[in-house]
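Undergrad: Here it is, the structure, as structure tokens.
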Amino acid sequence: MRYAQNIDFLLASIIYLGSHDYYWARSPKNMAEELSLDEERLKNVFNGFPGIYRRSLRKANNGQHYYALQARYAQKKGGDVSDPEEVFYIDPLDTTKLQLLITFVLQSAEQERTSRRAFVTNFISITAAIIAAMAAVATAILKA
């Protein structure tokens, strides 16, 4: 998955999951309904960025797994590694951590765009060099 192609879903879900003071985790169906997002695409984003989102072992009543931000899950108190309920008090991310996640996503998307532009530029340069070389060979053959 690419950050640049999913920036809208990434930002919406990071802000929601990072700042909500009641839900720390949500199923794609419930979150998509609440935020008016496409459910299938949201599920693909959750599964496509496992470094950002944590998939719960438990499932919601609708049969889907719950998803949370890795950074928020890491704030659980003590050494408890069990899978908490959807509604379980885990502090929302402070603004510094939330900003760090948003900055990471934005910079990753920009890096993808820059890499794509560099690839296109290099492709055009190589194509132009090949055409120029072919023209030089053709000219040399015609002069001979």
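Undergrad: Quickly work out the residue 47-to-residue 104 label distance, labels modelled 7 Å from Cα along the C-beta direction, and quote it in nm with one decimal.
TA: 2.2
Undergrad: Residue separation times 0.36 nm, minus the C-alpha to C-alpha distance between residue 55 and residue 121: what's the value?
TA: 19.9 nm
Undergrad: Viscosity 1.002 mPa s, temperature 20 °C: Stokes-Einstein D of the range 3-143 from its Kirkwood Cα radius, in µm² per second?
TA: D, rounded to a whole number, is 121 µm²/s.
Undergrad: Here's a follow-up. Using the Cα atoms of the range 13-85, I'd like the radius of gyration and the largest Cα-Cα distance, Dmax, both in angstrom.
TA: Values for the range 13-85 (Cα only, Rg and Dmax): 11.6, 36 Å.
Undergrad: Here's something else I'd like to know. Keeping every protein chain present and rolling a 1.4 Å probe, give me the accessible area per residue for the chain in Å².
TA: Dividing the accessible area of the chain by its residue count gives 62 Å².
Undergrad: Kindly report, to the nearest 10 Å², the accessible surface of residue 121 as traced by a 1.4 Å probe over protein heavy atoms only.
TA: Per-residue accessible area (residue 121): approximately 80 Å².
Undergrad: Please list 3J(HN,Hα) in residue order for the range 52-60, calculated via the Karplus relation 6.51 cos²θ - 1.76 cosθ + 1.60 where θ = phi - 60°; whole Hz, with x for glycine and proline.
TA: My calculation for the range 52-60 gives 9, 10, 10, 8, 6, 6, 7, 10, 6 Hz in order.
Undergrad: Any idea what the dipole of the chain comes to, in debye rounded to 20, about its Cα centre with Lys/Arg Cβ at +1 and Asp/Glu Cβ at -1?
TA: Approximately 640 debye in magnitude.
Undergrad: Set the Förster radius R0 to 22 Å, insert the Cβ-Cβ distance between residue 94 and residue 7 as r into 1/(1 + (r/R0)^6), and round the FRET efficiency to 0.05.
TA: Once rounded, the FRET efficiency stands at 0.45.
Undergrad: I'd like the carbon and sulfur percentage of the solvent accessible area for the range 3-143, probe radius 1.4 Å, heavy atoms only, ligands and nucleic acids excluded.
TA: Carbon and sulfur: 61 percent of the exposed surface of the range 3-143.
Undergrad: In the chain, how many lysine pairs have Cα atoms under 16 Å apart, counting only pairs 8 or more places apart or on different chains?
TA: Count of close lysine pairs: 4.
Undergrad: What are the residues whose amide H is under 5 Å from the amide H of residue 25, where those residues sit 5 or more places off or on another chain and H is modelled from the backbone?
TA: none
Undergrad: Please list, in chain and number order, the residues 5+ apart from residue 69 or on another chain whose amide H is under 5 Å from its amide H, with Hs placed from the backbone.
TA: Amide H neighbours of residue 69: 54.
The values are calculated or read from the model by the stated rules, or taken from the named source; none is laboratory data. Just so you know, these numbers come straight off a predicted model, no measurement behind them. Please note: Cβ atoms are built from the backbone with ideal geometry, for glycine as well, and neighbour counts cover all protein chains shown. Accessible surface areas use protein heavy atoms only, side chains included; no ligands, DNA or RNA. Shrake-Rupley method; radii C 1.70, N 1.55, O 1.52, S 1.80 Å.
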